[in-house]
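Only one structure is covered here, and it is reproduced in the block below.
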Amino acid sequence: DTAVSQTPKYLVTQMGNDKSIKCEQNLGHDTMYWYKQDSKKFLKIMFSYNNKELIINETVPNRFSPKSPDKAHLNLHINSLELGDSAVYFCASSRRTGGITNYGYTFGSGTRLTVV
Amino acid sequence: KQEVTQIPAALSVPEGENLVLNCSFTDSAIYNLQWFRQDPGKGLTSLLLIQSSQREQTSGRLNASLDKSSGRSTLYIAASQPGDSATYLCAVKTGFQKLVFGTGTRLLVSP
């Protein structure tokens, strides 16, 4: 199946731990994103990578570090987890041509992170 | 700064009704607008994508329109069904590869 897949689907961890979420897409897209959906269900972009290069870095604590080993993968590592990091994290991908993406976005099914 | 608002925040209708969901955005300099649905505890499913040069897109019972100059889009759902119950999100594509989401409309279609 062509898709954006994230692992794990659920993640429960204690404050202070370090955790990673993995994302892979087999759509041939060259741009990948991490979005955060808070408790009020509002989705906000965190990072965007195009061909392994960081192009968007919103105001996110530097405890969050994205890593893109190749254009099909974008992982999110979080250090020293805090209660406020509890949210659903969505990975997405799209295609960019001529510097502009006029194609739609495809989202993964999300990772529900609970920090206790 | 682009802001996207969706009205109503929640909508409850009986099965079979036609309905309209509204989306407005503050900056008309967009590349495209995309409508998604999100089922509880699930990811986002893309419904329709409208390029900035287009006025509408249709898929089955869904029709989305775009009036870029006035900063508005509507999603029309014909003959609603209980399976249409979900949260509907609109999102606009701005520069720098950024997709800005609206606040969502939670739809409940009762049998």
task: Scan the range A:1-59 residue by residue and report those that are acidic (Asp, Glu) and open to solvent by 80 Å² or more (accessible area, probe 1.4 Å).
output: A:Asp1, A:Asp18, A:Glu24, A:Glu53
task: Return the residue satisfying two criteria in turn: it lies in the range B:69-111 and is open to solvent by 30 Å² or more (accessible area, probe 1.4 Å), at pLDDT 95 or above and facing another protein chain (nearest Cβ under 9 Å), and of such residues it is farthest from B:Trp35 (Cα to Cα).
output: B:Arg106
In the range B:40-68, residue nearest to the other protein chains (Cβ to nearest Cβ) [restricted to those that are closer than 15 Å to B:Phe25 by Cβ and in a loop (DSSP other than H, G, I, E, B)]: B:Ser52
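For every residue, the table says whether it meets (1) within 14 Å of the chain's Cα centre (by Cα); (2) in contact (Cβ under 8 Å) with a residue 40 or more places away in the chain.
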site	(1), (2)
B:Gly60	no, no
B:Ala79	no, yes
B:Pro82	no, yes
B:Tyr88	yes, yes
B:Ala91	yes, yes
B:Thr94	no, yes
B:Gly102	yes, yes
- prompt: Can you name the condition, by its number, that A:Tyr105 falls short on among (1) among the aromatic types (Phe, Trp, Tyr); (2) surrounded by 18 or more Cβ atoms within 10 Å (Cβ to Cβ); (3) free of Cβ contacts under 8 Å to residues at least 12 places away in the same chain?
  reply: (3)
statement: Picking from A:Tyr33, A:Tyr103, the residue that is assigned to a loop (DSSP other than H, G, I, E, B), within 12 Å of chain B (Cβ to nearest Cβ) and closer than 18 Å to B:Thr94 by Cα would be A:Tyr103
- request: Please determine, by comparing only the residues of the range B:20-39 that are open to solvent by less than 50 Å² (accessible area, probe 1.4 Å) and of a type in the set (Phe, Trp, Tyr), which one is nearest to the other protein chains (Cβ to nearest Cβ).
  value: B:Phe36
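The values are calculated or read from the model by the stated rules, or taken from the named source; none is laboratory data. Only a predicted model underlies this, so the values are computations on that prediction, with no experimental measurement involved. For neighbour counting, all protein chains shown are included, and Cβ atoms are generated from backbone atoms with ideal geometry for every residue, glycine included. Just the protein is used for accessible areas: all its heavy atoms, side chains included, with ligands, DNA and RNA removed. Shrake-Rupley method; radii C 1.70, N 1.55, O 1.52, S 1.80 Å.
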